[in-house]
Each structure stands twice: as structure tokens, then as C-alpha cells.
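K.L.:
Pasting a structure below so you can have a look.
What follows draws every value from the coordinates through simple rules; no lab data is involved. Values in this document were obtained by computation on a predicted structure and should not be read as measured data. All Cβ positions, glycine included, derive from the backbone under ideal geometry; neighbour counts span all protein chains shown.
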Amino acid sequence: MFILILGAPGSGKGTQGKILAERLGLPKITTGDLLRAAMQAQTPLGTEAKKYYDAGKLVPDSVILGMIKDELARPEAKDGAILDGFPRTAAQAELVDKTLAERGQRLNHILLLDVTEEELVRRMRSRAQLEGRSDDTPEAIATRLQVYQRDTAPLIAHYAQRGIVHRVPGTGTVEQITEEIKRIIGR
Ligand code: ADP
């Protein structure tokens with residue numbers, strides 16, 4: 001089963017994705033984590049990505065598409081995965097759809113974590129103090145929210161046509177949100 005967790009920055013994709021992946025015994029593929037690891041290791045890809053990442057902009061598809069392809073091709077993701085942080089653009093969605101279709105698979109569920117913008121900003125600011133992420137500066141936070149609305153939110157309509165989008169209220173305790181997700185996907 002392939003499940004995509006979609007939501008604005010700060011909506012809790014990583015937290016819920018981790019819980020879901022553990023419960024279902026599926027790998028979680030997180031482009032943000034892959035980029036952070038590449039930046040940390042100062043690989044050429046990481047160095048290229050950092051310019052965009054720190055500004056809160058999307059890392060170009062020319063960099064990300066290959067990464068997505070490699071991750072979906074991993075044996076662990078043969079029968080399913082939790083996708084966290086991608087697809088985030090139309091081109092990425094096209095690649096995921098095509099790659100899975102070639103294997104006779106598809107995205108089964110899209111969980112859309114719904115959180116007000118006010119709460120998103122509050123969470124990212126408090127995370128900035130705890131984790132010190134380089135893209136949790138006020139400027140980068142504002143850019144990330146804008147980029148989400150412009151480039152990623154349109155994917156909701158794309159997938160809604162297939163009837164696989166479930167809106168999950170993203171406020172409440174972590175446990176309440178986990179329960180709601182359990183109810184939606186039936187396991
Ligand atoms: P958040 O959802 O809070 O923004 P992520 O870790 O998912 O956190 O993403 C952080 C940053 O990593 C993004 O602002 C962007 O620069 C980069 N990034 C992550 N995933 C992608 C992707 N699929 N396409 C392009 N850039 C990405």
C-alpha cells in the first residue's frame with residue numbers, strides 16, 4: 001500500500017508518517033530527511049540543494065526527480081511505502097504516478113493534514129528554538145507557506161478527482177490524529 005501524507009510545512013507529516021510507517025511495517029520515504037542528510041554530508045547534491053532549502057524554496061525537480069526514482073526503486077518499497085514530503089510539484093506527481101503504474105501499483109490513500117496557518121507558524125517557530133533547523137527562520141517559513149500554496153496545494157485537486165484524498169484535522173493531540181488516520185485507512 002502506498003500512502004501519501006500531504007500538508008503544509010509544520011502540519012505534522014513527519015510525526016504521523018513515522019507512526020503510520022511503524023504500524024503498517026512500511027518504509028517511510030522523506031525527501032526532506034534525504035536532503036538534510038545530503039547537506040550534512042556535503043555531497044554535490046546536498047550543496048546544490050542547500051541554496052534553495054535555506055531560503056525555504058523548493059529544490060528544483062532536476063535534483064529531486066532522480067532521488068524519488070531511486071527511492072521508489074528500493075527493494076524495501078516494492079510493495080508499499082509512506083511518502084512524506086513528496087510529490088510536491090506536478091512533475092513529481094507525474095513521476096510517482098507513472099513509476100507506480102508501470103509496476104501495476106498506485107497511490108492508495110492521500111492523507112491531507114489540515115492545520116490553520118496561524119498554528120503552522122506557531123509550530124515552526126517553536127520547533128526553530130528546539131531543533132534549530134536552518135529553514136525555520138521567519139523569512140524561510142513565510143516562503144515555505146507561499147510555495148506550498150502555489151506549487152503543492154494544486155496536487156490536492158489532481159488526486160481528489162480519483163477520490164483518494166482524505167482530509168484529516170491536524171489539530172488535537174498526536175494520538176487523536178493517529179486514531180483518525182487509523183479509522184480512515186481501516187488499519
Ligand atoms: P516542511 O514540510 O516543514 O517544509 P520538509 O522537510 O518536507 O519540511 O522540507 C524542507 C525543505 O526541503 C523544503 O522547503 C524544500 O527546500 C526541500 N524539499 C523537501 N522535499 C522536497 C521536494 N519533494 N521537492 C523539492 N524540495 C523539497
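K.L.:
Taking only Cα atoms and a 10 Å spring cutoff, compute GNM fluctuations for the chain and point out the largest among 164, 68, 29.
P.N.:
164
K.L.:
Points 7 angstrom from Cα along the Cβ direction at residue 167 and residue 79: gap in nanometres?
P.N.:
It is 3.5 nm.
K.L.:
Please work out how many pairs of lysine residues in the chain are eight or more positions apart (or on different chains) and have Cα atoms closer than 25 angstrom.
P.N.:
Close lysine pairs under the 25 Å cut-off: 27.
K.L.:
P(r) for region 1-84, please, calculated from all Cα pair distances in 5 Å bins and given in %.
P.N.:
3, 14, 23, 23, 21, 13, 4, 0
K.L.:
For a protection proxy built on the mean count of beta-carbon atoms within 10 angstrom, sort 52-59, 136-143, 97-104, 124-131 highest first, please. Write down the numbers at each step before the final one.
P.N.:
Values: 52-59: 18.6, 136-143: 16.4, 97-104: 11.2, 124-131: 13.0.
Sorting 52-59, 136-143, 97-104, 124-131 by mean packing, highest first, produces 52-59, 136-143, 124-131, 97-104.
K.L.:
Calculate I(q)/I(0) for the chain by the Debye formula, one identical point scatterer on each C-alpha and no solvent, and give its log10 at q = 0.11 Å⁻¹ to two decimals.
P.N.:
For the chain at q = 0.11 Å⁻¹, log10 I(q)/I(0) is -0.46.
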